[in-house]
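Here the structure is laid out as structure tokens; the discussion comes afterwards.
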Amino acid sequence: MTDETCKSQGVRGIRYGPRARRWRVAAQDALYGPGGFYLRPEGPAGHFRTSVHASPLFASAVARLLLLTAERLGTDEVALVDIGAGRGELLTGVLAALPGGLAVRPYAVERAPRPAGLDPRIEWCAEPPAGVSGLVFANEWLDNVPVDIAETADDGTVRYVLVRPDGSEEPGEPVGGRDARWLARWWPPAGPGTRAEIGRPRDEAWAAAVATLERGLAVAVDYAHVRDARPPFGTLTGFLGGREVRPVPDGSRDLTAHVALDACALPGAVLLNQREALRGLGVSGARPPLSLAGTDPAAYVRALAAAGEAAELTARGGLGDFGWLIQPVGVEAPELGSGEAGTAPTARTGPLRDCRP
């Protein structure tokens, strides 16, 4: 939406400041436009730390999931598509963790240029390849698909929130059409002053990603909430240099909001939390037996360090509360935890991302 459009669609009594735009348009430019945050050479790892960066155990778990997918496909050749690949850290870790005997076609889907020195086996692309069989994996991608913000006025009218480049906001036109229908189904207004993040673009982005699969699994991992526990004031925030900061759409920082994964889920999907998923893939925070220290001290130290990393990945109130949306296409979903279709991860109102640089 252009500045002129914002002004032409103005509501009587509301004055639109210069370049006030809907959050979805402003965030799209700030994250992915010329000079946008995700096109910077340092990559996301320069500003925040995800499960991928926390421990190589995460990549090892994804490698096990890829092997399970290959078993269900009955093949020894599979595609591995990493959407929102950053600088290829996850793909690099998965390729290193895989045993011999499985032929993998790895694809990194990212808008930034290909980083120097990346494993030549990894194909770098701007869009997911179509017609593949294997595993599509999206770790903390959907939270960076920009969405519009809505706020309920004192008279009960739900309006889009407009934002300027300095982060200041003002009310826009009433929410209508498909956005209004999405809110009614997935995030009903909770009264004057409350806000909602209209997740329809994420539903569409995820459906498009799943549609690229001929057969296999599509997995989205993100911090999430569910319909019965939506945060009344939303979750939009920013990250810069390892710290949570005010969301300002000027290209200087990450802009992120929790994902309504239950709205994204397609028929047959399984929703569970990361704690369940990783434990189902062999990642446990259990300490090694003390007897090992007496027989093999070096092995004990290594096992203790791995247990610490596993504990971080599965911690309550932290990375372990992330949601995993597992969408099978032409195969059965693996039984990784106690989650079943229609269930959901624990809801959170604060950011779950580990922000330490």
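The values are calculated or read from the model by the stated rules, or taken from the named source; none is laboratory data. Note that this is a predicted model, so its numbers are computed, not measured. Counting neighbours? That spans all protein chains shown, and the Cβs are built from the backbone with ideal geometry, glycine included. In case anyone asks, the SASA skips ligands and DNA or RNA and just uses the protein heavy atoms, side chains included. Shrake-Rupley method; radii C 1.70, N 1.55, O 1.52, S 1.80 Å.
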Spin-label point model (7 Å from Cα, Cβ direction): what's the residue 127 to residue 77 distance in nm? 2.5 nm
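What accessible area per residue, rounded to a whole number of Å², is obtained for segment 190-237 using a probe radius of 1.4 Å?
Numbers: 1570 Å² over 48 residues.
So segment 190-237 comes to 33 Å² accessible per residue, rounded to a whole number.
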For a quick protection proxy, order the peptides 272-284, 318-330 by their average other-Cβ count within 10 Å, most packed first. 318-330, 272-284
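Can you work out the FRET efficiency for the pair residue 245 and residue 184, with r the C-beta to C-beta distance and R0 = 41 Å, to the nearest 0.05? List each step's numbers first, then the result.
On the way: r = 33 Å, r/R0 = 0.79.
Computed FRET efficiency for residue 245 and residue 184: 0.80.
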What is the set of long-range amide H partners of residue 137 at a cut-off below 5 Å, with H atoms built 1.01 Å from backbone N? 81, 82, 83, 219
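At 0.36 nm per residue, and after removing the present C-alpha to C-alpha distance, how many nm does the segment from residue 335 to residue 105 gain when stretched out fully?
Values: separation 230, 0.36 × 230 = 82.80 nm, distance 2.48 nm.
Contour length minus the Cα-Cα distance gives 80.3 nm.
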Given the C-alpha centroids of segment 147-182 and segment 51-79, what is the distance between them in whole angstrom? 41 Å
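When ligands, DNA and RNA are left out and all protein chains stay put, how many square angstrom of accessible area per residue does segment 29-185 have with a 1.4 Å probe? Let's see the in-between values first.
Details: 6230 Å² over 157 residues.
On a per-residue basis, segment 29-185 sits at 40 Å².
Given a Förster distance of 30 Å, report the FRET efficiency between residue 228 and residue 157 from their Cβ-Cβ distance, rounded to the nearest 0.05.
Numbers: r = 24 Å, r/R0 = 0.81.
Calculated transfer efficiency: 0.75.
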